[in-house]
Amino acid sequence: MIEQRDEGYRFSIEPFLLADFANVSFGNKILDVGTGSGIIPILISKKKSELKITAVEIQKLLSDLALTNVQSASLSAFIEVICGDYLEVSQKLEVNSFDLILSNPPYRKLNSGRVNPNQVKAIARHEIKLNLPNLVEASFRLLKPNGRIVLSYPISRKSEVLEVLNRSKLLPTRLRIVYGRPGAIAKIFLVEAEKFRVGSSIEEDPIYI
């Protein structure tokens, strides 16, 4: 059971897609950036038990909700919720310490599209507090050599995301396109990139919602 607010940001399908796409192993140390209500760490914990997961959320209203959900799921011993700006929190976390970083980040650039008047929704959807280059740069610092980052983004930003990852020495290993149904235009893609990887990426079979 995941509690959400009637008002403000509410998760959609992306956390389920990310949790399914991510390969996790026993003993992995995992970081979730922009955890919202804590949905991704809880899903990952149900996928593989007793993983150590750190969940960062900048908005106190959401981080409090994440903490409530983690406690309700009896996962407090495994999931730590931190309220703070990821760029600041990342400076306090141990360098080269995480096996996997996941994020369902703000999709829209700051100056693109209408910004929601609801501040909670606006920060979750637009790159007001965290943009793609900063997310990737901070994550590179925290990942172990050969550690992985898994992201979901709109298909319209695919080239940009792959370019930023490659430039930051986080080389894409796996990619999956997500469709609403056969024949529909793709809207989302999932990508896994590995720190210091050498080699080519694999585009996996698409998934249809």
Requested in this report: Collect the residues in region 8-20 that are touching a residue at least 24 places away in the same chain (Cβ under 8 Å) and either closer than 16 Å to residue 78 by Cβ or among the small types (Gly, Ala, Ser) (or both), keeping them in residue-number order.
Outcome: 8, 19
**Report entry** Of residues in region 155-200 being within 16 Å of the chain's Cα centre (by Cα) and among the acidic types (Asp, Glu), the one most open to solvent (accessible area, probe 1.4 Å)
**Finding:** 194
Requested in this report: Go through region 67-82 and give me each residue that's closer than 12 Å to residue 1 by Cα and either surrounded by 21 or more Cβ atoms within 10 Å (Cβ to Cβ) or in contact (Cβ under 8 Å) with a residue 24 or more places away in the chain (or both).
Outcome: 68, 69, 70, 72, 73
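So that you can scan it fast, the table gives a plain yes or no per residue for (1) among the small types (Gly, Ala, Ser); (2) within 25 Å of residue 138 (Cα to Cα); (3) open to solvent by less than 70 Å² (accessible area, probe 1.4 Å); (4) in contact with a Pro (Cβ under 9 Å, 6 or more places away or on another chain):
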| residue | (1), (2), (3), (4) |
| --- | --- |
| 9 | no, yes, yes, no |
| 32 | no, yes, yes, yes |
| 41 | no, yes, yes, no |
| 49 | yes, no, no, no |
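Keeping to region 88-137, report how many residues are assigned to a loop (DSSP other than H, G, I, E, B), among the acidic types (Asp, Glu) and at pLDDT 65 or above. Explain how you work it out, then say what you get.
From region 88-137, those assigned to a loop (DSSP other than H, G, I, E, B) are 90-97, 104-107, 109-118, 127-131; that's our starting set.
In the following step, the residues that additionally are among the acidic types (Asp, Glu) were identified as 94, 127.
Next cut, at pLDDT 65 or above only: 94.
Total satisfying the criteria: 1.
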Report task. Kindly establish whether residue 3 is farther than 26 Å from residue 180 by Cβ and either open to solvent by 10 Å² or more (accessible area, probe 1.4 Å) or free of Cβ contacts under 8 Å to residues at least 24 places away in the same chain (or both). Result -> yes
Requested in this report: Quickly run through region 195-209 and pick out the residues that are of a type in the set (Val, Ile, Thr) and assigned to a strand (DSSP E or B).
Outcome: 202, 207
Query raised in the report: Given the structure, is residue 82 in a strand (DSSP E or B), over 13 Å from the mean Cα position of the chain (by Cα) and more than 25 Å from residue 175 (Cβ to Cβ)?
Result: yes
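Do you know which residues across region 21-40 are under 26 Å from residue 131 (Cβ atoms) and without any contact (Cβ under 8 Å) to a residue 40 or more places away in the chain? Steps first, answer last, please.
So the first thing to find is which residues in region 21-40 are under 26 Å from residue 131 (Cβ atoms), and the list is 21-22, 29-40.
Once the filter is applied, which keeps residues that are under 26 Å from residue 131 (Cβ atoms) and without any contact (Cβ under 8 Å) to a residue 40 or more places away in the chain, region 21-40 yields 37, 39.
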Report summary line: For residue 165, the lone unmet condition from (1) over 18 Å from residue 131 (Cα atoms); (2) in contact (Cβ under 8 Å) with a residue 12 or more places away in the chain; (3) not hydroxyl-bearing (Ser, Thr, Tyr) is (1)
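The values are calculated or read from the model by the stated rules, or taken from the named source; none is laboratory data. Predicted, not measured: the structure shown is a model, and the values here were computed from it. Note that each Cβ is placed from the backbone with ideal geometry, even for glycine, and that neighbours are counted across all protein chains shown. We work out accessible area using only protein heavy atoms, side chains counted, and drop any ligands, DNA or RNA first. Shrake-Rupley method; radii C 1.70, N 1.55, O 1.52, S 1.80 Å.
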